[in-house]
Amino acid sequence: MHKRMLLTALSVSALAAVIAATATAAAAGKDASKKAQSAVQVEVFSPQDGDIAGRQSKGFFVDLALRYPSLAASGAGFQLTGPTTHQNQAPFPGTFAPGVDEKVPGLIVLLSTTTVGAKNAQNLANLFNLTGFTNQKTNEIWDTWIVGAPSFGKNVRSVLRVAVAADKNHDGIYNDAPAVVPDSNHDGRINAVDLEAYGVASNIAVVPFEISD
């Protein structure tokens, strides 16, 4: 009897593991399908899920690729920029402040632990330093930000969310990112629900990670 009960318990555990694995695979497949079906694809290289990023809660990278239906539809331009004297300098001038990035005007970047501006609703896209065109075959643009100040939480768990706004004005260019994402359900937390409510043309990349000293 004891042996039978043990075998039954092991069978139930194995079945539960198979169900969990199947559910995880199905969720991953659904996310991949949604990404493939989106007009714009977002891929985050850094940080990765679970990373412990930075020193002194700064100095970490947010590095990503964007793939558009065409380069013209991206509305994007070159930039190599940064704070104070580093902005608007040759050879690739660009502004530098929280808000909409005129060099990637559809990009929405949120950190859940932001302490500046509109906090977790603040679009941080215009803090990116380096924008370039990496592959014309796939209409791919890379965008990189090195975080230069501990303005996004100290020794905290944070969530990065990245998306490209929908073509809300129907001009054929993805250039309609908001400076601040509206809190559509008024719960004080800006997440995928609010991004979907605003309107996105891409998958929503979500990366939980830690910002550390």
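Regarding region 188-198, can at least one residue be identified that is in a strand (DSSP E or B) and in contact with a helix residue (DSSP H, G or I) (Cβ under 6 Å, 6 or more places away or on another chain)?
As a first pass, look at region 188-198 and keep what is in a strand (DSSP E or B): none.
No; the residues of region 188-198 include none that is in a strand (DSSP E or B) and in contact with a helix residue (DSSP H, G or I) (Cβ under 6 Å, 6 or more places away or on another chain).
Of the numbered conditions (1) open to solvent by 20 Å² or more (accessible area, probe 1.4 Å); (2) touching an Asp or Glu at 6+ places or on another chain (Cβ under 7 Å), Ser70 fails exactly one; give the number of that condition.
Just one mismatch for Ser70, condition (2).
Of the residues that sit in region 82-91 and are open to solvent by 80 Å² or more (accessible area, probe 1.4 Å) and part of a loop (DSSP other than H, G, I, E, B), which one is nearest to Phe133 (Cα to Cα)? Give the derivation first.
Quick first cut of region 82-91, residues open to solvent by 80 Å² or more (accessible area, probe 1.4 Å) only: 84-86, 88-91.
After this cut, where a residue has to be part of a loop (DSSP other than H, G, I, E, B) as well, the list is 88-91.
Details: Asn88: 19, Gln89: 19, Ala90: 17, Pro91: 15 Å.
Looking at residues that are open to solvent by 80 Å² or more (accessible area, probe 1.4 Å) and part of a loop (DSSP other than H, G, I, E, B), I get Pro91.
Only residues in region 158-177 that are under 12 Å from Ala39 (Cβ atoms) and of a type outside the set (Gly, Ala, Ser) count as the first member; pair them with residues that are open to solvent by 30 Å² or more (accessible area, probe 1.4 Å) and in a strand (DSSP E or B), Cβ under 8 angstrom, at least 6 apart or cross-chain, and list the lot.
These pairs meet every condition: Val164/Val200.
Here are Ile141, Ile190, Ile204, Ile211: which of them is at negative phi and either open to solvent by 30 Å² or more (accessible area, probe 1.4 Å) or without any contact (Cβ under 8 Å) to a residue 60 or more places away in the chain (or both)? Reasoning before the result, please.
Details: Ile141 fails: either open to solvent by 30 Å² or more (accessible area, probe 1.4 Å) or without any contact (Cβ under 8 Å) to a residue 60 or more places away in the chain (or both); Ile190 fails: either open to solvent by 30 Å² or more (accessible area, probe 1.4 Å) or without any contact (Cβ under 8 Å) to a residue 60 or more places away in the chain (or both); Ile211 fails: either open to solvent by 30 Å² or more (accessible area, probe 1.4 Å) or without any contact (Cβ under 8 Å) to a residue 60 or more places away in the chain (or both).
None of the others qualify; the one that does is Ile204.
What number of residues in region 104-120 are surrounded by fewer than 24 Cβ atoms within 10 Å (Cβ to Cβ) and farther than 16 Å from Ile190 by Cα?
1
The values are calculated or read from the model by the stated rules, or taken from the named source; none is laboratory data. This structure is a prediction, so every number in the text was calculated from the model and none was measured. With ideal geometry, Cβ positions are generated from the backbone for all residues, glycine too; neighbour counts draw on all protein chains shown. Just the protein is used for accessible areas: all its heavy atoms, side chains included, with ligands, DNA and RNA removed. Shrake-Rupley method; radii C 1.70, N 1.55, O 1.52, S 1.80 Å.
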